[in-house]
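The values are calculated or read from the model by the stated rules, or taken from the named source; none is laboratory data. Bear in mind that the values here come from a model prediction, so they are computed numbers and not experimental data. FYI the Cβ positions are ideal-geometry reconstructions off the backbone, even for glycines, and counts take in every protein chain you see.
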Amino acid sequence: MGGTVTRTLLFLPPADGEPRWIRVGDDGVLARGRGVPEANADPVVAVPSADAVTLHWAALPARSAAQATAAARIVVAEASAAPIGDLHVAVGEPEGESGERPIAVVAHAAMVDWLARLARAGIEPAAIVPAPLLVAAPTEGFVRAELAGQGVVRGAASGFADEARLTDLLTAGVSPRSLDRGEVDGGLAAAAKSPAIDLRQGPYARRRRRGINWAVVRRSVALTLAVLATTLAIDLVRIAKYSFAADAAEVRADAVARTGLPRGATVVDPGRQLAERLGEVRGPGLGFSATAAAVFGAVQRVPGAELTALDFQPGGDLRIGVAASRESEPTDLKRAIEAAGFRVDAGTFQSAGGRVTGEMTVRAP
């Protein structure tokens, strides 16, 4: 018995009844009892009473479960007096040579009640199987069996509760062959292991708990680390490239600086040394040439103004003497020089002998 796979069949009575249970294994029935079975590792297969579930058999499409269920609902709608919206329809696998599939029909209210009662007892059923389907279908005629105190009848394409008048009507007067306990118990293990139909479908399907696939987790971590390493390598290559480019630019700057500095000068700071060299060549500030050119251009734009003196200071300022024929012309000259981008400080101008004279200081901006 060490390798035996066991299951517990829990027979659901009416609301005021006492449940019964049968524990089965690969070798048959192992134990029986009344009430709610003690908690163990066995999967529990709930078995509602035969009169609570209606069974049909029909040839249905086998392309997908959704198509088979949709076709089954059409069959049930034509055969049931209750609104199809109030009914739960479950479809099983094809049986026998005919290939017809069992169809179980039960009220939604009954399914909700069964699951709620089981939940209160701390039971999550692995399956819910109609009682008649625990009995193997005969090749011909009908068989009768007693399951947990209730009689059920099974035919090749039928299954229902055993009630005297109903049984005679459904079997057309053919008397079912009664199975002994040994025959019934022998088929329970196979029926519990691979039930012909499970009512836990559609909205009542059991939710599967997904375990952590550590192999996938490890693979994901490895791929993430590989991506991070690749990204880091790209950044390092880019930094090295920029560093080499900066070094090359510095070398080129040194070479250019050497062409502009006096021969034999030691290059320490190319930018600063070139600025100093430029100041020496052109003079302080913006240099004499640039400053004088701006002044001469401004004088040409003021017709009555002329220069009387020109003195370039060591600090880069240019002092000019100005003579004009009218008092407004020194102001016009000052504005013209400022328009060229220089700052101008004008001294006091005096009028004598019909001329206006004075001095201005022109500075770099």
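Tallying residues that are among the hydrophobic types (A, V, I, L, M, F, W, C), surrounded by 21 or more Cβ atoms within 10 Å (Cβ to Cβ) and without any contact (Cβ under 8 Å) to a residue 60 or more places away in the chain within the stretch 138-166 yields 3. Of the residues making up the stretch 347-356, at least one is over 21 Å from Leu286 (Cα atoms), touching a helix residue (DSSP H, G or I) at 6+ places or on another chain (Cβ under 6 Å) and not in a strand (DSSP E or B). The residue of the stretch 118-134 that is modelled with the lowest pLDDT, among those that are among the aliphatic types (A, V, I, L, M) and surrounded by fewer than 23 Cβ atoms within 10 Å (Cβ to Cβ), is Ala121. Val143 meets the stated requirement of being assigned to a strand (DSSP E or B), farther than 14 Å from Ala46 by Cα and in contact with a strand residue (DSSP E or B) (Cβ under 7 Å, 6 or more places away or on another chain).
The single condition from (1) over 48 Å from the mean Cα position of the chain (by Cα); (2) charged (D, E, K, R); (3) at pLDDT below 85 that Glu93 fails is (1).
Report yes if Leu169 is in the same structural domain as Ala107 (by TED's automatic domain parsing), among the aliphatic types (A, V, I, L, M), loosely packed, with under 13 Cβ neighbours inside 10 Å and not in a loop (DSSP other than H, G, I, E, B), otherwise no. The answer is yes for Leu169.
This table checks each residue for (1) outside the structural domain of Gly321 (by TED's automatic domain parsing); (2) at pLDDT 80 or above; (3) in contact with a helix residue (DSSP H, G or I) (Cβ under 6 Å, 6 or more places away or on another chain).
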{"residue": "Thr259", "(1), (2), (3)": "yes, no, no"}
{"residue": "Val267", "(1), (2), (3)": "yes, no, yes"}
{"residue": "Ala275", "(1), (2), (3)": "yes, no, no"}
{"residue": "Ser289", "(1), (2), (3)": "no, yes, no"}
{"residue": "Ala298", "(1), (2), (3)": "no, yes, yes"}
{"residue": "Thr308", "(1), (2), (3)": "no, yes, no"}
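Within the stretch 37-61, residues that are over 13 Å from Val89 (Cβ atoms) reach partners that are of a type in the set (Lys, Arg) with beta carbons closer than 6 Å, at six or more positions or on different chains, in the pairs Asp42/Arg7; Pro43/Arg7; Val45/Arg7. Of the candidates Val24, Val47, Val76, Val29, the single residue that is in contact with a helix residue (DSSP H, G or I) (Cβ under 8 Å, 6 or more places away or on another chain) and either part of a helix (DSSP H, G or I) or exposed (fewer than 13 other Cβ atoms within 10 Å of the Cβ) (or both) is Val76. Selection of the stretch 303-326 for residues being in contact with a Ser or Thr (Cβ under 7 Å, 6 or more places away or on another chain) and either touching a residue at least 60 places away in the same chain (Cβ under 8 Å) or not in a strand (DSSP E or B) (or both) yields Gly304, Asp317.
Note on the stretch 184-198: among residues that are touching a residue at least 24 places away in the same chain (Cβ under 8 Å) and of a type outside the set (A, V, I, L, M, F, W, C), the one that is farthest from Ala136 (Cα to Cα) is Asp198. Considering every residue within the stretch 222-241, establish whether at least one is β-branched (Val, Ile, Thr), surrounded by 10 or more Cβ atoms within 10 Å (Cβ to Cβ) and closer than 25 Å to Ala90 by Cβ. The answer is no, given that none of the residues of the stretch 222-241 is β-branched (Val, Ile, Thr), surrounded by 10 or more Cβ atoms within 10 Å (Cβ to Cβ) and closer than 25 Å to Ala90 by Cβ.
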